[in-house]
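Student: Below is a structure I'd like to ask you about.
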Amino acid sequence: MEQFIAQTQQWLPKLHETHCTPKGRILIVSSGLSIGGGILASCYAAELLVERGYEVTLAAPSGDENFLARLREAGVNAWILPGLPFLQWNRVETMHSFDAAIVCFFQNMHVAYELSLRMPTIWWVHELRAVYHPFYRVTRYCFPALDTPAWMGRLRIVAVSKMAQQNFEDYYPHQTNGVLALGEPDTASTHPGWKAHLPVRFAVLGAVIENKGQDLFLQAALRMPKDLRESSEFFIVGAGSKGSSIYQRCQKILLKLPQAHNLGWQPPEMVAALLPTIDVIVCASLEETMSMPIIEGMMHGKICITTDMTGVAAYIDNGQNGFVVKAGDVDALAHCMMEVHQHMGELQSMREAARKTYEQNFTMEAFGNRLEAELHAAMMTKMRR
């Protein structure tokens with residue numbers, strides 16, 4: 001352990017070496033440093049706080065080298081600490097240098113507990129309901145001190161959406177302080193609009209895993225009337241394990257659906273180039289506590305279809321700024337896709353409303369304002385103790 005601590009110290013930046021006084025020194029703890037979902041949200045938070053004058057260190061047990069380079073270029077101190085989430089924080093000499101911490105994800109409960117003893121701490125949870133039960137059982141057995149919510153009063157607990165908040169409170173009732181919705185950098189280069197063309201292009205973005213429902217999306221495409229199906233294209237964009245059950249199911253449907261294409265994993269710049277060419281963004285998830293692809297779709301003024309088991313559904317007024325269908329209902333999804341195809345030229349007000357929803361809720365400015373408010377509240381909570 002002594003050797004491990006010594007190695008860890010070599011990776012820690014000298015936080016006091018700065019040319020100007022920062023607004024505060026913030027530690028963010030994530031479960032990894034790479035592109036994808038909640039991890040990406042924690043990286044956006046770090047970059048945003050740097051832009052607002054904070055000195056930020058982002059710590060994780062592992063990270064992609066290209067992504068680490070991006071963070072460092074943005075001015076974020078990036079730590080790789082293989083001992084997370086069970087590193088002995090009292091042995092890390094620089095802990096006293098931070099003014100506050102943001103701990104991302106329920107799985108980092110132990111980190112939230114330890115850091116809340118030392119500084120104002122926000123615990124930002126994102127998880128699906130399925131994550132809680134097995135982790136809760138392990139926590140109760142291995143860390144009985146964490147099995148009671150009594151210690152949670154010394155930190156602020158916020159969730160990425162109302163759905164994520166409910167998932168947490170099903171196990172720890174009345175312990176959260178509210179919702180901290182994430183933000184997405186605005187990369188849209190044009191105003192919402194649509195010029196009549198065929199084929200109409202539908203896409204699902206994100207990792208090909210069971211809860212994302214890519215197979216349901218393809219099944220819905222198959223159930224569209226032949227003329228609409230043949231004047232459409234359907235894209236799956238995201239990494240997937242070829243041995244997984246959902247990947248195999250998708251491949252079987254793709255053989256019956258020549259208008260569909262599995263593009264696999266694509267680098268961010270390719271996804272950014274693809275998005276403007278897509279007409280309809282679909283989220284067929286069985287459960288997802290937000291949905292960054294739908295937020296990106298609204299940013300670009302696209303027609304967005306999501307299920308009622310996503311956190312982002314709370315921001316959609318069905319038929320006004322997007323569509324919400326019942327999760328797992330392939331017929332409902334097929335009908336919605338059919339209706340959208342038939343009325344593409346009549347949905348300009350929906351595209352504009354989707355863009356407005358993004359501007360009101362998911363810009364980096366809106367995210368930054370919420371994040372700074374939570375930091376202030378966390379510091380006030382610590383002062384009152």
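Bear in mind these aren't lab numbers, they're just calculated from the coordinates by the rules spelled out. Computed from a predicted model, the values in this text were never measured in an experiment. Cβ coordinates were reconstructed from backbone atoms using ideal geometry, including for glycine residues, and neighbour counts include every protein chain displayed.
Student: Just from its helices, what would the mean residue ellipticity at 222 nm be for the chain, if runs of 4 or more DSSP H residues each count -39500 (n - 2.57) and the sum is divided by every residue, rounded to the nearest 500 deg cm²/dmol?
Tutor: When only DSSP H runs of four or more count, the value is -12000 deg cm²/dmol.
Student: So how many Lys-Lys pairs in the chain land under 18 Å Cα to Cα, not counting same-chain pairs under 8 apart?
Tutor: The number of close lysine pairs in the chain is 10.
Student: How much length is gained if the chain between Cys142 and Glu210 is pulled fully straight, taking 0.36 nm per residue apart and subtracting their Cα-Cα distance, in nm to one decimal?
Tutor: 21.6 nm
Student: Still on this structure, please answer the following. Extending each Cα 7 Å along its Cβ direction at His191 and Lys252, get the distance between those two points in nm, one decimal.
Tutor: The modelled label-to-label distance comes out at 4.8 nm.
Student: What does a probe at Glu65 reach in segment 28-48, counting residues whose amide N is under 18 Å from the point 7 Å along Cα→Cβ?
Tutor: 33-35
Student: What order do you get for Arg201, Arg72 when you list them from fewest to most C-beta neighbours inside 10 Å?
Tutor: Sorted ascending by nearby Cβ count, the order is Arg72, Arg201.
Student: Turning to a different aspect of this structure: Treating only the Cβ of Lys, Arg, Asp and Glu as charged (+1, +1, -1, -1), what charge dipole size does the chain show about its Cα centre? Round to the nearest 20 debye.
Tutor: Charge dipole of the chain: 520 debye, to the nearest 20.
Student: Remind me, relative contact order of segment 200-361 in percent, using alpha carbon pairs under 8 angstrom and six or more residues apart?
Tutor: Here the relative contact order equals 25 percent.
Student: With a sphere of radius 14 Å drawn around the Cβ of Val131, what net charge do the other residues whose Cβ falls strictly inside it have (Lys, Arg +1; Asp, Glu -1)?
Tutor: Around Val131, the surrounding residues sum to -3.
Student: Shifting gears a bit: With only Lys, Arg, Asp and Glu charged, each at its Cβ (+1 for the first two, -1 for the last two), find how big the charge dipole of segment 200-361 is about the Cα centre; round to the nearest 20 debye.
Tutor: Dipole about the Cα centre, nearest 20: 420 debye.
Student: Sticking with this one: Determine the gain in length on full extension of the stretch Trp151-Ile35; use 0.36 nm per residue of separation and subtract their C-alpha separation, reporting nm with one decimal.
Tutor: Working it through step by step, the gained length comes to 38.5 nm.
Student: For a test of the definition: using alpha carbon positions, the gyration tensor, and the 1.5 limit on a/c, classify segment 27-168 as rounded, prolate or oblate.
Tutor: It is prolate, given that a/c is not under 1.5 and a/b is the larger ratio.
Student: Another question, then. As I understand it, the value is the acute angle between the Cα axis of helix 245-254 and the longest principal axis of the Cα atoms of the chain; what does it come to in degrees, rounded to 10?
Tutor: So the helix axis and the longest Cα principal axis differ by about 20 degrees.
Student: Which stretch or stretches of segment 293-325 have amide N atoms under 20 Å from the point lying 7 Å from Arg129's Cα along the Cα→Cβ direction?
Tutor: Those under the cut-off are 306-316, 324-325.
Student: Per-residue counts of other Cβ atoms within 10 Å, averaged by peptide: what ranking do you get for 42-54, 283-295, 335-347, highest first?
Tutor: With the highest mean Cβ count within 10 Å placed first, the list reads 283-295, 42-54, 335-347.
Student: Leu198 versus Ser349, label points 7 Å from Cα toward the beta carbon: distance in nm?
Tutor: Taking the two extended label points, one gets 2.7 nm.
Student: Below 8 Å between Cα atoms, with a sequence gap of 6+, how large is the relative contact order for segment 144-281 in percent?
Tutor: Reported as a whole number, the value is 23 percent.
Student: Taking +1 at the Cβ of each Lys and Arg and -1 at the Cβ of each Asp and Glu, which of Asn321, Ser291, Leu347 sits farthest along the dipole of segment 240-354 towards its positive end, judged by Cα position relative to the Cα centre?
Tutor: Value computed over the given set: Ser291.
Student: Quick check for you: which residues of segment 52-84 have the amide N under 19 Å from the point 7 Å beyond the Cα of Leu117 toward its beta carbon?
Tutor: 83-84
Student: Can you compute the FRET efficiency between Asp227 and Glu73 using 1/(1 + (r/R0)^6), with r the Cβ-Cβ distance and R0 = 41 Å? Round to the nearest 0.05.
Tutor: Here the calculated transfer efficiency is 0.25.
Student: While we're here: Mind giving me the nanometre distance, one decimal, between the label points for Gln320 and Ser244, set 7 Å out from Cα along Cα→Cβ?
Tutor: In this crude label model, Gln320 to Ser244 measures out at 3.5 nm.
Student: Rounded, prolate or oblate, given the Cα gyration tensor of segment 169-229, with a/c below 1.5 counting as rounded?
Tutor: Because a/c hits 1.5 or more and a/b fails to exceed b/c, segment 169-229 counts as oblate.
Student: Continuing with this model, one more query. For the chain, what relative contact order do you get, as a whole percent, if you take Cα pairs closer than 8 Å and at least 6 residues apart?
Tutor: Reported relative contact order: 15 percent.
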